[in-house]
Structures are given as C-alpha cells and as structure tokens.
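J.: I'd like to ask some things about the structure below.
The values are calculated or read from the model by the stated rules, or taken from the named source; none is laboratory data. Remember, it's a predicted structure, so these values are computed and weren't measured experimentally. For neighbour counting, all protein chains shown are included, and Cβ atoms are generated from backbone atoms with ideal geometry for every residue, glycine included.
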Amino acid sequence: YAAKRKLNGPQLYDPIMDSSSAQTLSLLTELRRAIERNELRLYLQPKVPLQGKPGLAVEALVRWQHPQRGLVPPMDFIPFAEQTGFVRQLTLWMFEESARLLADPRTQGMGLRISVNLSTRDLLDPELCERLQAMLVRHGVLPQGFCLEITESAIMDDPQRAEAMLNRLSQHGFKLSIDDFGTGYSSLGYLKRLPVDELKIDKSFVMGMEHDHDDEMIVRSTIDLAHNLGLTVVAEGVENAAILERLRALSCDEAQGYHVSRPVPVDAFLSWHAQRAWAQETGR
Ligand code: C2E
Ligand code: MG
Ligand code: MG
Ligand code: MG
C-alpha cells in the first residue's frame, strides 16, 4: 500500500483512488461522463476591494457533484485530471460557464470580472487561445472581463513556454494573475518580463501573518513588490476581520477568503452580492 501511494505521486486524490480498484480504473471514464451528465458545478468565491475601488471580482472554482460520492472537492480530482490531460476539457467547461455568467442579465451592472484557473497542461495547449476566443464570441463577452490564474509553480515548470503562452493570452486581451505566489520559487527576472496584472499571495502566508512575524514580513514585502512592479495584489485565505484590516492598512488591493465568503454556487453568490449592495447603500 505504501509503495502504491508513492507511485501515485501526490496523494491528494487518494480518497477516490482508494475507494476500490475498479473505480480507480474507471475514474477517467467517469470524469469524461461528468461533463456529459452535467455533474460539474461552478462555484464562485468573491475577491473584494480593500481600497475603495469599484467593481467586484470572483474566482471560478470547480466542484464535482458525484452521484454516489457527493460533492467532491477539486483537490481530489484535479491532480488526476492534470496527469491524464482531462484538465484541458475541464478548463474549457469552467471558462464557458464563466462566460455564460458574464452574459447573464443577473450580473449586469455589477462590474463583475471572473478569474478562471489554468493548469500546466493548458499552458502547453497550442489551441488554447483560439478555443477561449471562440467561446467569447459565442457568448458575446469581452476578454477584459476575465482573469486567468496560473500558479507560480506551473509557470516555473517551463518558464519559456509559459512566457510565450502568457504573451499570447495577454495579446488576446485576457488579464493574467500569478496564483499561490510565494510557493513556487519564481525568479524576479521572469516576474518582471511576464505580462501579468495581478499577484495572489498564497494563503499559507496570509493565514500565518497574525501570529508569525516571518509570514507578516513576506506578506508586506509581496505587497510592496507587486506595487513596485505596477501589479494589483490579492491576499487569499483571509479568515478573520483582524487580518482583513491589517491587509487594508498594508495597502493590499483585494481580499479573498472565508471571512468574506466561502466558495458558493451561482445563486448563493447572487444573494451574497444583493445583500452586500443593500448594506453598502444603507450604510449598514
Ligand atoms: P486556488 O486557485 O489557490 O484556490 C483557492 C483555494 O483556497 C480554494 O480551494 C478555496 O476554497 C480555498 N480558500 C479560499 N479562502 C480560504 C480561506 O479563507 N481559508 C482556507 N483554508 N481556504 C480558503 P478549492 O476550491 O478547494 O480549490 C483548491 C485548488 O484547486 C485551487 O486553488 C486550484 O488550484 C484548484 N482548482 C479549483 N478549481 C479549479 C479549476 O476549475 N481548474 C483548475 N485548473 N484548478 C482548479
Ligand atoms: Mg486560483
Ligand atoms: Mg490561489
Ligand atoms: Mg492556493
């Protein structure tokens, strides 16, 4: 059993891998069917502005509503999807759902921008730009409404290739963000060259900053670095009001985390937004 865990590499999808060997073999088939059977779910988590700027961003996060296993979190199937290449279909599904949402009359007037996560595999897909472009046209939305999040480690897997792809995406009008910043050993030289608009500070530092002086220093330096490079900076993993206020005082641009909202289905996000707008109007 231990040997099998090792061979499988990351253990994050073990809950599914271990449930039975027959299921292991059919996981890829099941994932493919998940799209046809409409089992994937678009969840949204807001990123709220801390410095009084208008507009609102949300991150699109996938869930799998499995008929037997219930709601499966992404970490239980994304690594597997990456390994098998299925993640490319998943990305397109998420992007299309996001485009649909931007075109939805219920989101008009919100100044909404949607972030979609890309994986390493997506960066290797020569047709990615054209596929995304085609969906924009189909739904009648502009690329400026989207931000594509790429983890720092995905970029550093193959920096030259990533740079070429990011340049193309940027030329197509997409905003770009470096996700989980601080965990991927990127060189500042690359950072300067990449056409990115946003840095997201990894939640491990944000969650630690209240009690760990080093984490606080990392968060502060990252905010300054981002601003000195002309980038917007977002803190993920904001779990309480004290951290949110600290980030505001440190000039962090946006906050995302359970304290603001957990990732929720589209309808719940729309209610959250309506309540927030009402509270802001009435000053409560
Ligand atoms: P991520 O892109 O860094 O997304 C942030 C993760 O942190 C989300 O986990 C979110 O639920 C969680 N999070 C947000 N706020 C807090 C907080 O205050 N405290 C804590 N403890 N956690 C918080 P989730 O939704 O489980 O997603 C995990 C990862 O799976 C994502 O990390 C992303 O890398 C990947 N993922 C999710 N959806 C997609 C997708 O559609 N495509 C791809 N390629 N990857 C995805
Ligand atoms: Mg992300
Ligand atoms: Mg992140
Ligand atoms: Mg993360």
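Per-residue answers, yes or no, for (1) among the hydroxyl-bearing types (S, T, Y); (2) modelled with pLDDT of 95 or more:
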residue: T91; (1), (2): yes, yes
residue: E97; (1), (2): no, yes
residue: L102; (1), (2): no, yes
residue: R131; (1), (2): no, yes
residue: A134; (1), (2): no, yes
residue: G140; (1), (2): no, yes
residue: L148; (1), (2): no, yes
residue: S153; (1), (2): yes, no
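J.: I need the full set of residues from region 151-182 which are out of contact with any strand residue (DSSP E or B) (no Cβ under 8 Å at 6 or more places or on another chain) and either at positive phi or part of a loop (DSSP other than H, G, I, E, B) (or both), in order please.
T.: If the condition is that a residue be out of contact with any strand residue (DSSP E or B) (no Cβ under 8 Å at 6 or more places or on another chain) and either at positive phi or part of a loop (DSSP other than H, G, I, E, B) (or both), then D158, H172, G173 are the ones that fit.
J.: Hey, could you check region 66-98 for residues that are more than 15 Å from the chain's Cα centre (by Cα), of a type in the set (G, A, S) and under 19 Å from L148 (Cα atoms) and say which is surrounded by the fewest Cβ atoms within 10 Å (Cβ to Cβ)?
T.: G85
J.: Still on this model: Return yes or no: is L132 of a type in the set (A, V, I, L, M) and more than 16 Å from ligand 4 (Cβ to nearest atom)?
T.: Here the answer is yes, as L132 does meet what is asked.
J.: So which residues in region 222-240 are hydrophobic (A, V, I, L, M, F, W, C), buried (at least 22 other Cβ atoms within 10 Å of the Cβ) and in contact with a helix residue (DSSP H, G or I) (Cβ under 7 Å, 6 or more places away or on another chain), if there are any at all?
T.: Correct list: V233, A235, V238.
J.: For residues that are charged (D, E, K, R) and in a loop (DSSP other than H, G, I, E, B), scanning just region 223-240, find the one that is nearest to ligand 2 (Cβ to nearest atom). Write out each step before concluding.
T.: Taking region 223-240 as the starting set, the residues that turn out to be charged (D, E, K, R) are 224, 236, 239.
The next check asks that each one be in a loop (DSSP other than H, G, I, E, B); those that pass are 236, 239.
On the way: E236: 7, E239: 17 Å.
This residue is E236.
J.: Can you tell which of V219, V260, V206 is closer than 17 Å to L56 by Cα and either in a helix (DSSP H, G or I) or in contact with a helix residue (DSSP H, G or I) (Cβ under 8 Å, 6 or more places away or on another chain) (or both)?
T.: Testing whether each residue is closer than 17 Å to L56 by Cα and either in a helix (DSSP H, G or I) or in contact with a helix residue (DSSP H, G or I) (Cβ under 8 Å, 6 or more places away or on another chain) (or both) leaves just V260.
J.: Within region 189-214, take every residue that is in contact with a Leu (Cβ under 8 Å, 6 or more places away or on another chain) and of a type outside the set (K, R) and give me the one that is farthest from ligand 1 (Cβ to nearest atom).
T.: Checking each candidate, the answer is P195.
J.: Going through R106, R121 one at a time, which residue ends up being over 24 Å from H273 (Cα atoms), part of a helix (DSSP H, G or I) and in contact (Cβ under 8 Å) with a residue 24 or more places away in the chain?
T.: When all the criteria are applied, what remains is R121.
J.: Still on this structure, please answer the following. Got at least one residue in region 191-200 being under 18 Å from the mean Cα position of the chain (by Cα), modelled with pLDDT under 95 and closer than 22 Å to L247 by Cβ?
T.: no
J.: Mind checking which pairs have a first residue in region 194-215 that is touching a residue at least 12 places away in the same chain (Cβ under 8 Å) and a second that is within 15 Å of ligand 4 (Cβ to nearest atom) and of a type in the set (F, W, Y), Cβ under 8 Å, 6 or more apart or different chains?
T.: Close Cβ pairs (under 8 Å, with a partner that is within 15 Å of ligand 4 (Cβ to nearest atom) and of a type in the set (F, W, Y)) amount to L199/F181; K200/F181; I201/F181; D202/F181.
J.: Given the conditions (1) free of Cβ contacts under 8 Å to residues at least 60 places away in the same chain; (2) within 12 Å of ligand 1 (Cβ to nearest atom), and given that V234 satisfies all but one, which numbered condition is not satisfied?
T.: Only one criterion in (1) free of Cβ contacts under 8 Å to residues at least 60 places away in the same chain; (2) within 12 Å of ligand 1 (Cβ to nearest atom) is unmet by V234, namely (1).
J.: Exactly one of these conditions fails for I243: (1) part of a loop (DSSP other than H, G, I, E, B); (2) surrounded by 15 or more Cβ atoms within 10 Å (Cβ to Cβ). Give me its number.
T.: (1)
J.: Another one. Sort out which residues of region 185-194 are in contact with a strand residue (DSSP E or B) (Cβ under 8 Å, 6 or more places away or on another chain) and either outside any loop (DSSP other than H, G, I, E, B) or more than 19 Å from S153 (Cβ to Cβ) (or both), and write them in order of number.
T.: Answer for region 185-194, where residues must be in contact with a strand residue (DSSP E or B) (Cβ under 8 Å, 6 or more places away or on another chain) and either outside any loop (DSSP other than H, G, I, E, B) or more than 19 Å from S153 (Cβ to Cβ) (or both): just L191.
J.: Considering only residues that are within 16 Å of ligand 2 (Cβ to nearest atom) and aliphatic (A, V, I, L, M), look in region 125-154 and name the one that is surrounded by the most Cβ atoms within 10 Å (Cβ to Cβ).
T.: If we filter region 125-154 for residues that are within 16 Å of ligand 2 (Cβ to nearest atom), which is where we start, we get 146-154.
Now drop any that are not aliphatic (A, V, I, L, M), which leaves 148, 150, 154.
Details: L148: 26, I150: 24, A154: 22.
Across region 125-154, the extreme among qualifying residues is L148.
J.: Only residues that are away from ligand 3 (no atom under 11 Å from the Cβ) and in contact (Cβ under 8 Å) with a residue 60 or more places away in the chain: list them for region 172-193, please.
T.: K175
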